[in-house]
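Please read the structure below before turning to the comments.
The values are calculated or read from the model by the stated rules, or taken from the named source; none is laboratory data. If you're wondering where the values come from, they're calculated on a predicted model, not measured in any experiment. Positions of Cβ are generated from backbone atoms using ideal geometry, with glycine treated the same way; all protein chains shown enter the neighbour counts. What goes into the accessible areas is simple: the full protein's heavy atoms, side chains included, and nothing from ligands, DNA or RNA. Shrake-Rupley method; radii C 1.70, N 1.55, O 1.52, S 1.80 Å.
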Amino acid sequence: MSLVTDVHSHILPHMDDGSQNVDVSVQLLKRLSEQGVGTVCATSHYYARHESIESFLQRRNEAHFKLKYAISCENDFVYPSIRLGAEVAYFSGMSRCSQLGALCLEGTRTLLLELSYTQWMPQQVEEVASLCLDHGYQVILAHPERFSHMRSYWKDMERMLSLPVALQINADSLLHWGSRKLALELLKNTSRPLLASDCHNLTSRPPRLEKARLMVRKKLGIDTLARIDETALRFIQPSGG
């Protein structure tokens, strides 16, 4: 069985700006399987300002049911196993939210967190610290390479790197020369590196994990690739509580 885990994807149909129908979702799963993925985390966007956690979970369950039914009709293909989760956009006071655990990868305390694209305020960085250190969440910071335009980026990243936070780099960031250097630097400097497809569709944002993994192996070596896989397996392990 493949050890490759995709910790960030938008494969569920009709959930967000990812897959727009079940047929696309099935094709995304097939491409991931062909790229060696054994487990894919379905992490649809969650925005607290737009809907309640209860509403999101209901929509997610319905989308997952439709996708499971579609792949059950094709017995001649081995699909990756699906772990439900969410890509949770930062919201004020989230560490004190009693329902936050429901947005973690199912069966874990692992939270995929997307911070602000404009500017990380000090309270956002401290909220991440509180999630990890005070509340016991295993935080995965989604695509931190996308935030390098921010004024205090390196100061904030230094703080992030001091926390038990995993840095999840997007596959596409390694395949474009403009973002590759920073993506490689982040993977190299964190003790908890992760690589994910963040796939949304079959055209502009398809799964490109296989090519990205080859890039990591070429530039950083097989040991870094092994650490990425080990980190992914550790973060999807069921929690004891």
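Some observations on this one:
- Given (1) farther than 26 Å from Ala171 by Cα; (2) aliphatic (A, V, I, L, M); (3) in a loop (DSSP other than H, G, I, E, B), number of the condition Leu105 does not satisfy: (1)
- The condition (being farther than 25 Å from Glu34 by Cβ, outside any loop (DSSP other than H, G, I, E, B) and modelled with pLDDT of 95 or more) is satisfied by just one residue among Glu185, Glu210: Glu185.
- Selection status of Ala63, open to solvent by less than 10 Å² (accessible area, probe 1.4 Å) and part of a helix (DSSP H, G or I): yes
- Put simply, of Ser33, Ser9, Ser19 the only residue that is in contact (Cβ under 8 Å) with a residue 24 or more places away in the chain, of a type in the set (Gly, Ala, Ser) and touching a Cys at 6+ places or on another chain (Cβ under 6 Å) is Ser9.
So that you can scan it fast, the table gives a plain yes or no per residue for (1) in a loop (DSSP other than H, G, I, E, B); (2) surrounded by 12 or more Cβ atoms within 10 Å (Cβ to Cβ); (3) not β-branched (Val, Ile, Thr):
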{"position": "Tyr69", "(1), (2), (3)": "no, no, yes"}
{"position": "Gly85", "(1), (2), (3)": "no, yes, yes"}
{"position": "Trp120", "(1), (2), (3)": "yes, yes, yes"}
{"position": "Glu126", "(1), (2), (3)": "no, yes, yes"}
{"position": "Leu131", "(1), (2), (3)": "no, yes, yes"}
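- You will find that of Ser179, Ser204, Ser239, the residue that is surrounded by fewer than 23 Cβ atoms within 10 Å (Cβ to Cβ) and touching an Asp or Glu at 6+ places or on another chain (Cβ under 7 Å) is Ser179 and no other.
- Candidates Leu115, Leu103: the one that is closer than 20 Å to Asp17 by Cβ, touching a helix residue (DSSP H, G or I) at 6+ places or on another chain (Cβ under 7 Å) and at pLDDT below 95 is Leu115.
- Ala212 falls short on exactly one of the conditions (1) in contact with a Pro (Cβ under 9 Å, 6 or more places away or on another chain); (2) of a type in the set (Gly, Ala, Ser); (3) crowded, with 19+ Cβ neighbours inside 10 Å, and that condition is (1).
- Criterion applied to Arg180, Arg227, Arg217, Arg151 was being charged (D, E, K, R), in contact with a Pro (Cβ under 7 Å, 6 or more places away or on another chain) and free of Cβ contacts under 8 Å to residues at least 40 places away in the same chain, and the one residue passing it is Arg227.
- Hits in the range 87-100 - residues which are part of a loop (DSSP other than H, G, I, E, B), touching a helix residue (DSSP H, G or I) at 6+ places or on another chain (Cβ under 7 Å) and closer than 16 Å to Tyr117 by Cβ: Tyr90
Conditions tested, residue by residue: (1) of a type in the set (Phe, Trp, Tyr); (2) in contact with a helix residue (DSSP H, G or I) (Cβ under 7 Å, 6 or more places away or on another chain); (3) open to solvent by 30 Å² or more (accessible area, probe 1.4 Å).
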site: Thr5; (1), (2), (3): no, yes, no
site: His10; (1), (2), (3): no, no, no
site: Gln20; (1), (2), (3): no, no, yes
site: Leu29; (1), (2), (3): no, yes, no
site: Gln35; (1), (2), (3): no, yes, yes
site: Thr39; (1), (2), (3): no, no, no
site: Tyr46; (1), (2), (3): yes, yes, no
site: Phe56; (1), (2), (3): yes, no, no
site: Arg59; (1), (2), (3): no, no, yes
